[in-house]
Amino acid sequence: MSTIIHPQNHPVPLPHHRHLFPTKPPPYPPCSSSLSFPKPKPKSHHHRPLLLASTTAVSCHTLYYKPHICNDVNSLLTLLNLSVQYSDAELAKAVHACSLKLQEDTHLGNSLVLAYLKLGLFNHSLNVFASLSCPNVVTYSSLISGFAKSNQGSKAIELFMKMRTEGIEPNEFTFVAILSACIRILESELGFQIHGLVVKMGFLDSTFVANALMGFYWKFTGILRLVFKVFDEMPQRDVASWNTVISCLVKEGMYEKAFELFRVMQGIGCFRADFFTISCILSACEGSNAFMKGKEVHAHAIRIGLEGNLSVNNVLIGLYTQCGRVRDVAVLFESMPTRDVITWTQMITAYMEFGLVDLAMKVFNEMPEKNCISYNALMAGFCKNGEGLEAVKLFIEMVEEGLELTDFSLSSVINACALVMDVKASEQIQGFCLKFGFGSNVCVEAALLDMCIRCGRMADAEKMFRIWPVEHDNSVVCTSMLCAYARNGQPDEAVLFFLRCRLEGTMDLDEVTLTSILGACGTLGFEKMGEQIHCYALKTGFVTDLGVLNSIISMYAKCGNMNDAIKVFDIMPVRDVVSWNALIAGHILHRQGDEALAVWSAMEEAGIRPDTITLFLVLSAYRHTNLDLVDDCRKLFLSMRTDYNIEPTSQHHASFVSVLGQWGLLEEAEETIENMTVEPKASVWRALLDSCRIRLNTSIGKRVAKRILAMKPQDPSTYILVSNLYSASGRWHCSETVREDMREKGFRKNPARSWIIHQNNIHPFYSRDKSHPQTKDIYRGLEILVMECQKAGYVPDTSFVLHEVEEHQKKEFLLYHSAKLAAAYGILMTKHREPIRIVKNIHMCGDCHTFMKYVSIITKREILVRDASGFHCFRNGQCCCKDYW
């Protein structure tokens, strides 16, 4: 049964006595302590006007020494207004005492109820309500609204039921108040019944009620169809009606529809957008990266006089941070007539987004008022810019100053410890979290697990995973472990863990999970599983998430399917800089430099601000162009500071050096490194050394090798590259010296590993690997394949065997390289003329590269090999890399 139609089922036991205060005045003058009241604290450097103190004091004094005023209802109403205006509870109580001597006046009683509600004296308001012999709809509406606004929705609903029991018909204000109560306490069923009563009583024509209904339906259902149904049936609308629908569209990510509705609203003419409308549309511009449209809306805001509105300007800071330049944000901030803590905090976030850590700290230090959110923003910014140690220091300052610590604060400092990768610091912050009771917070625990993984404490991470409380959501920690496997170069383990968790039902698929598993599928080249995840995302609606879509683009590109990657990119309703980066990176992976530069041009035309990764990718694209475009690459490299406000990093220098080396400009590459304003890292010299290897320039290569070894690099790949250079030139003693130095430092070469996906299973191979169940067939097949290739002209190149052994032993080493084993298995297990897809974790050696060319001829198959340099597409004895990799 409907609780509205039968309200007697919900009686509200409220007192029914009238005299709540003594009717006789106190025997002491009003200036005594019993009637005195404290002056309110001055707010934000503004002193309380002298009129305030004198008015309230005189008003109390007047009540006792001018008794005729106590008999004047209008005078009492005036004093009630004063009590609310100056937050003077004692004056309201004095007026209440005077009213008890008068004949009951409903208007005065309602005013007393409303005054007590505004002063936060809810029990007093109920007492006045109980003393009224005939409370009317205004009384009930005021009480319901007051209790709803103070998050006492249950009491508001009780009052509404009592009102219906006493036969008092609700008005439009009552309906708005009760719908607000339903929203606050999540009472959806009652809200639906209220809608029915609204229709029955004919209040659907009320603009206020319809607006409240739209807010209710969006809050509980999130179904825009129901919101639009109420909106479309409204005979009259106001600005709030349009704002409600536009806001719903923006929250749902339907930005184009929001723009369309805004245009319709503006076209009607009788509606003038207010600050809320403009703020919503600017948020849509930010969410859709529609920078030019955002500038148009900004201009419109200025035309209608909102250039000084605080809310509008705060949203504009976010828009220009997302789509504009740092200068635009700074100019806007300086021009703002008023600022609040949100403004200052957003400026911290903005400067951190642009990588301007010093300016962000300057803004933080100049803030007139700071709160925990400001500290959290600065701490998150430090983490974003890789300043983990600074984030830890800031957290210590927060603790020492006694600031509120939220789960976001803890998650940020945990992330900072993960960046620092200091085992001792990670143990200390974990102990802090447990000591102060944050250990039971799911988000904090998940962050701790991630920190343990990044700091190399895998044993502790696995222990946390095993003892994860049953009452907590296992999905969060399972997602963290999945991310750990994917991040630590164990994509096959990530896939197995994912499938096991799905089978056990311990993992819910959300945006983070889908992004991680798509990344693992891309790393493995497991396209079929990636397609299934893509279908799941389409079915469940996760394709609206930018991160998921970006991961899908990257997955298809890494699996060798650029056509589908481009299709996904083209149908994206919204793109961010990561979307463009993913597509550019995909073309580079496929050695399609011209296509990558075409995407870069489109990105610039779309007004998307590139980040440091974008420029690194674009510089790299010039390695793979059909024509020599070194001049364009040089121009871009030299304009990074002036045009994009991005300081070239070691990555950018290494990329530019690689481009120069690719086109044979080794001397200019060496000169570029010599002229760097900062000390070049080993990675920059390594790029030149790699170019020397490709161009067979041993003279420059020797100089570069000495430079690298003098720097004592911390990655094994650099030592291996130098060792290989010495080995290739026959300098075995130098090669062995480098490898011995590498062993003394504890560095180990990452073993070569190739794999092939067959029948949804991963089949890995190592050099001279005999662990596969079909080893005999694979080895026999490979021997036949080598003989056929030798008949076609293949000659094993033993210079790629980096061991000082006999010639026949070198040939045996070459024969069973992991890529050759994977190719043999693929040919044995796949249909005739079906392409062979192989993935290798490091660069393919020159002999395997030559071998694959011959295999593509004799088998008449296309062979796709993805190694650390990108894709090699072998077809009819040719490779797409043109023998430069």
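The values are calculated or read from the model by the stated rules, or taken from the named source; none is laboratory data. A quick note: this is a predicted structure, and the numbers were derived from the prediction, not measured. Note: ideal-geometry Cβ built from the backbone for every residue, glycine included; neighbour counts use all protein chains shown. These accessible areas exclude ligands, DNA and RNA; they are computed on the full protein's heavy atoms, side chains included. Shrake-Rupley method; radii C 1.70, N 1.55, O 1.52, S 1.80 Å.
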Completion exercise
To the nearest Å², the heavy-atom accessible area per residue of the chain with 1.4 Å probe amounts to 49
Exercise for the section: With viscosity set to 0.692 mPa s and temperature to 37 °C, compute the Stokes-Einstein D of region 753-879, Rh being the Kirkwood radius across alpha carbon pairs; µm²/s, no decimals. Expected result: 227
Exercise for the section: With r as the distance between the Cβ atoms of ILE342 and VAL239 and R0 = 25 Å, compute the FRET efficiency 1/(1 + (r/R0)^6) and round to 0.05. Expected result: 0.60
Practice task
For region 491-617, count the residues as N, evaluate 2.2 N^0.38 Å, and divide the Cα radius of gyration by that value, please.
Solution key: 1.07
Problem - Scattering curve values for region 346-478, log₁₀ I(q)/I(0), Debye with Cα scatterers, q = 0.09, 0.15, 0.18 Å⁻¹ - result: -0.27, -0.71, -0.96
Problem - Per-residue SASA entry for PHE333, accessible area with 1.4 Å probe, Å² rounded to 10 - result: 10
Practice task
Quick one: pull the percent of accessible area on region 753-879 belonging to carbon and sulfur, 1.4 Å probe, ligands and nucleic acids left out.
Solution key: 49
Handout entry: Length-normalised contact order of region 753-879 in % [C-alpha pairs under 8 Å, at least 6 apart]
Key = 27
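Could you tell me what percent of the accessible area of region 473-567 is made up of carbon and sulfur, with a 1.4 Å probe and every protein chain present?
52
Using the Kirkwood formula over every pair of different C-alpha atoms, what hydrodynamic radius in Å results for region 123-241? Display every interim value, and only then the final one.
Values: mean 1/r = 0.0686 Å⁻¹.
One decimal place: 14.6 Å for the Kirkwood radius.
Under 10 °C and 1.306 mPa s, how fast does region 286-422 diffuse according to Stokes-Einstein, given a Kirkwood radius computed over C-alpha pairs? Answer in µm²/s, whole number. Please report the intermediate quantities before stating the final value.
Working: Rh = 15.7 Å.
This corresponds to a translational diffusion coefficient of 101 µm²/s.
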Practice task
Considering only protein heavy atoms, with the full assembly of protein chains and a 1.4 angstrom probe, order ILE268, ILE836 by accessible area, largest first.
Solution key: ILE268, ILE836
Practice task
Using 0.36 nm per residue of separation minus the Cα-Cα distance, give me the extension gain between ASP570 and ARG780 in nm, one decimal.
Solution key: 70.9 nm
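What full-extension length gain, to one decimal in nm, is calculated for LYS463 and MET292 as 0.36 nm per residue of separation minus the Cα-Cα distance?
Value of the extension gain: 56.4 nm.
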Exercise for the section: Given the peptides 771-778, 225-232, arrange them by the average over their residues of other C-beta atoms within 10 Å, most packed first. Expected result: 225-232, 771-778
Problem - For peptides 659-666, 162-169, sequence by mean Cβ density within 10 Å, most packed first - result: 659-666, 162-169
Handout entry: Proximal lysines relative to LYS101, as straight alpha-carbon distance under 18 Å, when same-chain residues fewer than 8 apart are discounted
Key = LYS24, LYS66, LYS93
Completion exercise
Residues other than PRO573 with Cβ under 13 Å of its Cβ, Lys/Arg counted +1 and Asp/Glu -1, net out at -3
Fill in the blank from the handout: Restricting to aspartates and glutamates and to Cα separations under 18 Å from LYS840, and discarding same-chain partners fewer than 8 apart, the set is ASP492, GLU493, GLU527, ASP769, GLU862, ASP867, ASP883
Exercise for the section: Hand me the GluC sites (Glu not before Pro) from region 373-411 located in a DSSP loop with no more than 10 other Cβ atoms within 10 Å, in residue order please. Expected result: GLU401
Exercise for the section: Based on the mean of other Cβ atoms within 10 Å per residue, sort peptides 517-523, 667-673 so the most packed one is first. Expected result: 517-523, 667-673
Handout entry: Förster radius 51 Å - calculated FRET efficiency between GLU401 and LYS229 (Cβ-Cβ, nearest 0.05)
Key = 0.50
Fill in the blank from the handout: Given Cβ charges of +1 for Lys and Arg and -1 for Asp and Glu, the option among ILE342, ASN550, CYS182 whose Cα lies farthest towards the positive end of the dipole of the chain is ASN550
Handout entry: In region 477-548, GluC sites (Glu not before Pro) in a DSSP loop with at most 10 other beta-carbon atoms within 10 Å
Key = none
Exercise for the section: Compute the Kirkwood hydrodynamic radius of the chain, taking the inverse of the mean of 1/r over all pairs of distinct Cα atoms, and give it in Å to one decimal. Expected result: 33.3
Completion exercise
Violations at 24 Å Cα threshold for listed pairs LYS219/LYS257; LYS558/LYS820; LYS257/LYS384 -> LYS257/LYS384
Problem - Environment charge of ARG833, counting only residues whose C-beta is closer than 15 Å and scoring Lys/Arg +1, Asp/Glu -1 - result: +3
Handout entry: Candidates per chymotrypsin sites (Phe, Trp or Tyr not before Pro) in region 383-492, loop by DSSP, up to 14 other Cβ within 10 Å
Key = PHE436
